[in-house]
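*Asks:* Structure incoming, see below.
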């Protein structure tokens with residue numbers, strides 16, 4: 001099993017550009033979520049999903065969109081990148097509410 | 001609003017000693033609480049989960065306690081080793097089953 005796969009690992013965007021961070025898991029997990037991690041701020045929840053077709057907002061959803069058309073994939077879209085979105089982004093999944101498996105992260109820089 | 005507090009200062013201990021990390025939370029009634037380990041440049045790794053009706057949970061050299069009256073969890077690593085050096089995150093988890101993370105405590109085990 002590959003676990004949780006995030007792509008790309010690194011990305012530099014210009015202000016105003018849009019992009020999609022990919023997240024895929026091969027463990028048939030129902031629960032998936034996106035976090036951003038900034039120095040001194042810890043992990044903050046952006047969006048989450050409790051199953052295909054079901055998504056909800058987390059603590060810091062502004063500027064991001066998600067969709068969950070399949071159990072395996074949970075992409076995160078940046079609509080119009082801003083320097084404040086420079087961060088490390090983690091995708092995570094869980095089969096049954098506890099014990100999340102995290103991806104290796106995407107380091108995003110917006111200039 | 002929900003608040004999760006973990007010691008912001010690094011915990012330095014000698015190899016072989018027991019490390020004890022603290023997690024306090026307020027304005028929150030989690031159904032369970034999770035602990036994760038994070039190494040620099042990597043995603044968090046799940047360690048243990050303890051439910052609200054459990055007082056203590058053990059896994060090898062790890063022990064977690066959960067006091068819902070004090071709104072506190074303690075995380076112990078016995079016979080600590082330099083390889084245990086990492087940041088440890090606590091994550092109280094409520095009805096949505098999506099964990100909210102503390103900022104983490106850095107543990108440094110000196111040989």
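*Asks:* In region B:59-101, which residues are within 12 Å of chain A (Cβ to nearest Cβ) and over 15 Å from residue B:47 (Cα atoms)?
*Replies:* B:94, B:95, B:96, B:97, B:98, B:100
*Asks:* Next question, about the same structure. Please note which strands (runs of 3 or more DSSP E) are completely contained in region B:21-111 and include at least 2 residues that are in contact with a helix residue (DSSP H, G or I) (Cβ under 8 Å, 6 or more places away or on another chain) and over 23 Å from residue A:93 (Cβ atoms).
*Replies:* B:105-110
*Asks:* Within region A:5-55, which residues are loosely packed, with under 12 Cβ neighbours inside 10 Å, within 11 Å of chain B (Cβ to nearest Cβ) and either under 15 Å from the mean Cα position of the chain (by Cα) or modelled with pLDDT of 95 or more (or both)?
*Replies:* Of everything in region A:5-55, just one residue is loosely packed, with under 12 Cβ neighbours inside 10 Å, within 11 Å of chain B (Cβ to nearest Cβ) and either under 15 Å from the mean Cα position of the chain (by Cα) or modelled with pLDDT of 95 or more (or both), namely A:9.
The values are calculated or read from the model by the stated rules, or taken from the named source; none is laboratory data. Keep in mind it's a predicted model, so treat the numbers as computed, not measured. Note: ideal-geometry Cβ built from the backbone for every residue, glycine included; neighbour counts use all protein chains shown.
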